[in-house]
Amino acid sequence: MASLMPVLKKMKIMSDCMSKDTEPVLHHMLTMLYKTDNFLHDHIDMENREIVNAFCKKLSEHLHLATRFNEHGRYNQHYALGNLLHPYFRGYMLRHYGIFEEFTRKVINDHPSSDAVSISEKNNHKATQVKMPVGVDECNDLQNIEIEQGNNNHTISQNVPEIEREFESFHAMPRVEEKHKVDVLKWWKKHASTLPLLALLARKLLCIPAASSCSERVFSASGGIINDKRHSLSTQTAKQLTLIKVNYDLVCPHMTLKIISDAEEALDPPALTPVRTPPKNPIPKAPYLS
């Protein structure tokens, strides 16, 4: 059990961070999942005990499941955008996974400001087809091509989506020195005047909605534990019993297999066939009266 304590403490830190309901955590998800998986692999190399290695491998597998985090959460749009908008990381994990350019371009293309630029480009393209450069008759073919290319380049540079301009300004800003002490919401509120579109994205993504989902999950998990007959349980005992209940398959796998085996035997067709056995003390038949 002592060998499992470092692993359990690490998972407790990750669990506490993911379940916070008073501050944003989405921008920490990619780095937290990556560091946790590295910790598990390093712990497997250090420990020679079979139980510890099997436990670490099982936890590491859950960090790669598509139904949970899908390769450390790199394909989760909220986690990726949170890492991209972090004032310190600014998409560091996306660069590590090689999806920074692709994801940034997707965010830019999906933003409404890109649609406005596309409409403006179509109108400018129609205008350039009608309007010819001044002095075109006095220029040769090569000069006409250079003039047209110069006009097109100028048009493209002027029609960059505003969200893309803000991304360029965001990455050009000085990096925050201490990543653990930065308040992401305060940072974006401070820079909302210079980066209004990105600040709006950050606020929509990172602000915690007013909901009771956290307390509802606790109520659902503890409903069968804290009842009328066990209302005086201590907080620590109730917490431990709830943890065992939620993770029963991992805590007591042999008990789970026994329950499944017993259930399969109960559903076996021969077991469901009623068997008539004679009573131990049969009631004697009443003699017929002559």
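The values are calculated or read from the model by the stated rules, or taken from the named source; none is laboratory data. Every value quoted in this text rests on a predicted model; they were computed, and no experiment measured them. Quick reminder, even Gly has a Cβ in these numbers, built from the backbone with ideal geometry, and neighbours come from all protein chains shown.
Residue under question is A221, and the condition is that it be of a type in the set (G, A, S), touching a Lys or Arg at 6+ places or on another chain (Cβ under 8 Å), assigned to a helix (DSSP H, G or I) and modelled with pLDDT of 75 or more; does it hold? The answer is no for A221. With respect to (1) closer than 23 Å to Y75 by Cβ; (2) β-branched (V, I, T); (3) free of Cβ contacts under 8 Å to residues at least 24 places away in the same chain, the lone exception for T36 is condition (3). Scanning segment 13-54 for residues that are surrounded by 12 or more Cβ atoms within 10 Å (Cβ to Cβ), modelled with pLDDT under 75 and not in a helix (DSSP H, G or I) yields K20, D21, E47.
Do you know which of the residues in segment 172-201 that are outside any helix (DSSP H, G or I) and β-branched (V, I, T) is modelled with the lowest pLDDT?
Step one: of segment 172-201, the residues outside any helix (DSSP H, G or I) are 173-183, 191-195.
Okay, now just the ones that are also β-branched (V, I, T), so 176, 182, 194.
Values: V176: 76, V182: 79, T194: 91.
Per the stated criteria, the residue is V176.
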